Amino acid sequence: MSQQPKLNERYQNILKATIERYIATAEPVGSKAIADQFNLKISSATVRNVMGRLETAGLLYQPYTSAGRVPSDFGYRIYVDRLLIPDENIGKNLIASLHQQLEWKKASLEALLQRATKILAALSGYIALITVPQNPTDSLRHIQLVLVSSGQIMSVIVTDSYHTESILIDSALLETQEMNEETIRGELQLLSNFLNQQLKGLTLSEIAALNWGEIDQEFTQYTDFLTTLCQELSHGFKPKSYTPMVIHGIAEVLHQPEFSQIQQVQTLLYLLEEEQEQLAPIVFSFPEAATLELGQQLSQNFNSKTKNKVTVKIGSENPLEPMQICTLISANYYQDDVPVGSVGVIGPTRMVYENAIALVETTAEYLSEAFKN
């Protein structure tokens, strides 16, 4: 991602006005339209000069000679990061709608997700998708540490659902100069017994939160090893297989002019209908894997809670080619503070971002509350 340029207030106002005009009309934007509509108190010639400089900076472009300007993916990124003003009423209205139309205490999980996805699609006007929740409540049944080579220890874990996983750990965290192979094996057995006593019945999220420095003074010398082990357990048991999704709103969004080319439509539809296993990891990822890079954080206008929860991937920022004419906005929903699924919308990069971000965040919060209760 290119470094974001410094823009003075005039440049920001004209970029914001150009993007909002283009979002509303889907037509290249000329300087006269900006000068007339947005009351910036400057001439169209001045607007035209600024738009030219914004084009040079890669924030706008001309789709063809003598046309007005159109936002680039980078221009949208600046807009999302720095220029959006959130409308708090959107989230409040959606919460009211969800409470009126969903009876989550009575509905089945499938019915709840289907209805929530339909509401999100209808209100946003974009493709809405919600991943089916993963089970975060598997608890540990048994753990065994085994020395498999001079440099590695294997941790074999069995959960209460009899899911088995093996994880390799660097034995250097355990070894000291005084410890030979036989001593290490003996220590591993002692640690295995200790871990089974301490961890049996705990969920992985509970294990990851343990402070090993406070648990047992007898094993203080192994604090670094135990901390690393629990981090590896947490990573190792994250969902790796295909995460099913509920999807609605395809027909509505395909009326957008960005999807007028049949080949683009076909590749996107194929991704949504036949290759969801590729899409799912992009929509739903754990916070550690979804740490937003520079240029993928929300505007400072949004509170820190929102910034930590919502991911916005614009155009070429999406790793899958069929998605590179789209924007994906997603947010995880939680059960017991563990992310179990994600809510998202997919639409053209010419998206009403402040609405879509608020709708995605609010739906994720609603589902988190539903799972909490």
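Going by the structure shown, is GLU232 among the acidic types (Asp, Glu) and either over 22 Å from LEU120 (Cβ atoms) or modelled with pLDDT of 80 or more (or both)? Answer is yes for this residue. One residue alone among ALA17, ALA26, ALA57 is free of Cβ contacts under 8 Å to residues at least 40 places away in the same chain and more than 20 Å from VAL312 (Cα to Cα), and that residue is ALA17. Looking at this structure, is GLN261 modelled with pLDDT of 85 or more and exposed (fewer than 15 other Cβ atoms within 10 Å of the Cβ)? When the stated conditions are applied, GLN261 does not pass them. Residues considered: ILE14, ILE19. Of these, the only one that is within 21 Å of ALA57 (Cα to Cα), under 28 Å from the mean Cα position of the chain (by Cα) and β-branched (Val, Ile, Thr) is ILE19. The helices (runs of 4 or more DSSP H) found wholly in the range 1-93 and carrying at least 3 residues that are among the charged types (D, E, K, R) occupy 9-25, 44-56.
With the condition kept exactly as written, say whether any residue in the range 289-309 is at pLDDT below 95, of a type in the set (A, V, I, L, M) and part of a strand (DSSP E or B).
Initially, the range 289-309 is screened for residues at pLDDT below 95, giving 289-309.
Narrowing further to those that are of a type in the set (A, V, I, L, M): 289-290, 292, 294, 298.
Next, only the ones that are part of a strand (DSSP E or B) stay: none.
No - not one qualifying residue is present in the range 289-309.
Just to check your reading of the model, which residue among ALA67, ALA33 is over 30 Å from ILE119 (Cβ atoms) and modelled with pLDDT of 85 or more?
Working: ALA67 fails: modelled with pLDDT of 85 or more.
Step by step, each of ALA67, ALA33 is checked, and only ALA33 is over 30 Å from ILE119 (Cβ atoms) and modelled with pLDDT of 85 or more.
The values are calculated or read from the model by the stated rules, or taken from the named source; none is laboratory data. In this text the structure is predicted, and so the values were computed from the model without any measurement. Here Cβ is always computed from backbone atoms with ideal geometry, including for glycine, and neighbour counts include all displayed protein chains.
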